[in-house]
1. Can you list residue pairs whose Cβ atoms sit under 9 Å apart, with the first residue in the stretch 111-135 being on the phi < 0 side of the Ramachandran plot and the second being basic (K, R) and assigned to a strand (DSSP E or B)? Count only pairs 6 or more apart in sequence or on different chains.
2. Considering only the stretch 169-209, state which residues are aromatic (F, W, Y) and more than 22 Å from K132 (Cβ to Cβ).
3. Just for the stretch 214-228: of the residues that are over 15 Å from Y92 (Cβ atoms) and over 18 Å from the mean Cα position of the chain (by Cα), which one is surrounded by the fewest Cβ atoms within 10 Å (Cβ to Cβ)?
4. Taking the stretch 280-290 only, how many residues are of a type outside the set (V, I, T), out of contact with any Pro (no Cβ under 8 Å at 6 or more places or on another chain) and buried (at least 19 other Cβ atoms within 10 Å of the Cβ)?
5. Can you pull out the residues in the stretch 118-148 that are surrounded by fewer than 21 Cβ atoms within 10 Å (Cβ to Cβ) and assigned to a loop (DSSP other than H, G, I, E, B)?
6. Looking at K277, K245, K293, K251 in this structure, which one is open to solvent by 70 Å² or more (accessible area, probe 1.4 Å), farther than 19 Å from N218 by Cβ and out of contact with any strand residue (DSSP E or B) (no Cβ under 7 Å at 6 or more places or on another chain)?
7. Against the definition (in contact (Cβ under 8 Å) with a residue 40 or more places away in the chain and open to solvent by 20 Å² or more (accessible area, probe 1.4 Å)), how does A264 come out, yes or no?
8. Looking for something closer than 23 Å to I88 by Cβ, modelled with pLDDT under 95 and aromatic (F, W, Y) - is there at least one such residue anywhere in the stretch 293-312?
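The values are calculated or read from the model by the stated rules, or taken from the named source; none is laboratory data. Note that the structure is predicted; figures quoted are calculated from it, not measured. Note that each Cβ is placed from the backbone with ideal geometry, even for glycine, and that neighbours are counted across all protein chains shown. Please note that ligands, DNA and RNA were not included when accessible areas were found on the heavy atoms of the full protein model with its side chains. Shrake-Rupley method; radii C 1.70, N 1.55, O 1.52, S 1.80 Å.
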Amino acid sequence: MFTVGLGLTLAVFACSPTTSNTGTTQTTQAPSSTTAVRIGYQKASTILYALKAQGNLEKAFAASGASVTWSEFPAGPPMLEALNAGSIDFGYTGESPPIFAQAGGIPLVYVAYDPWSPKAEAIIVPKDSPIKSVAELKSKRVAFAKGSNANYLLVKALEKAGLKYSDIQPKTLPPADARAAFEGKNVEAWAIWDPYLAAAQAATGARSLTDGTGLAPNRGYYLAAKSFVDSKPDALKTILDEVKKASDWAKNNPSDVAKLLSPALGIDAPVLEIAEKRREYDVLPLTDEVISKQQEVADTFYKIKLIPKEIKVKEIVWQGK
């Protein structure tokens with residue numbers, strides 16, 4: 001399953017995201033630019049989306065004459081394949097995509113983490129569902145995005161309820177397709193993250209069986225190509241400094257963040273504000289505790305054969321400041 005999925009993704013992303021039908025690229029270039037800094041982002045990745053919209057990274061690089069290129073991706077895994085292909089230098093994903101990437105041999109480095117929040121993901125059921133607990137998901141159809149943070153939440157929630165991954169009928173679907181299946185009663189439950197979680201709850205009255213509290217840390221990670229970290233440490237520092245400023249802004253202005261994201265995501269600002277108020281923001285160095293928790297995610301995916309080999313997360317953690 002891993003090999004087929006990785007192979008398909010590699011095939012799609014062998015070319016630059018400017019020619020791929022799953023990513024779009026925009027470039028802001030200063031006069032006499034000699035260096036390009038290439039950022040991968042998702043619309044739902046609040047900080048990088050805000051940083052792009054505000055234009056502050058371009059301003060930070062203006063003195064050195066560097067250009068900033070922004071490439072949009074629908075999810076973390078294709079973004080990291082673009083990093084592998086040399087199309088981007090820096091990006092942000094949830095906790096699971098870098099584990100698949102490391103297992104697939106992609107030369108990336110963890111450079112910082114974002115606390116996000118265990119309350120910003122959940123396993124939900126329709127409001128009129130007879131299912132009242134995770135234990136009642138046995139033999140049921142459960143939708144989730146393969147290799148996502150919600151995938152890990154589902155595995156840990158099943159374990160706590162005394163069930164195995166094989167006890168359910170997994171339906172691996174991206175968020176838009178999963179929501180259609182959920183509303184159409186083609187699945188009994190859905191493991192999903194914000195802001196899609198908040199949108200589904202607001203639109204359908206969906207009930208939460210459990211969120212990530214006590215089960216999954218639900219952290220986000222800032223990642224960079226190893227070649228970029230090795231060759232352009234000053235540029236990396238500039239990026240992280242500006243990401244930190246954007247993170248501090250988002251932490252203190254949830255209403256403004258919701259208004260910024262609303263037209264891009266097609267979700268009403270009041271709904272997005274709910275999601276914003278239950279998540280955390282920061283840009284922090286990886287500690288031993290954070291690395292250990294990320295290793296637990298990797299070990300879990302290896303145990304259920306979602307990745308083909310054991311990996312050591314600490315081997316690709318940046319040692320800089």
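1. Filtered contacts from the stretch 111-135: I124/R207; V125/R207; P126/R207; K127/R207; S129/R207; I131/R207; K132/R207.
2. Selection gives W193, Y196.
3. This residue is G214.
4. Looking only at that region, the number is 1.
5. Matches in the stretch 118-148: P126, K127, D128, S129, P130, I131, K132, S133, K138, S139, K140, K146.
6. K245
7. yes
8. No - not one qualifying residue is present in the stretch 293-312.
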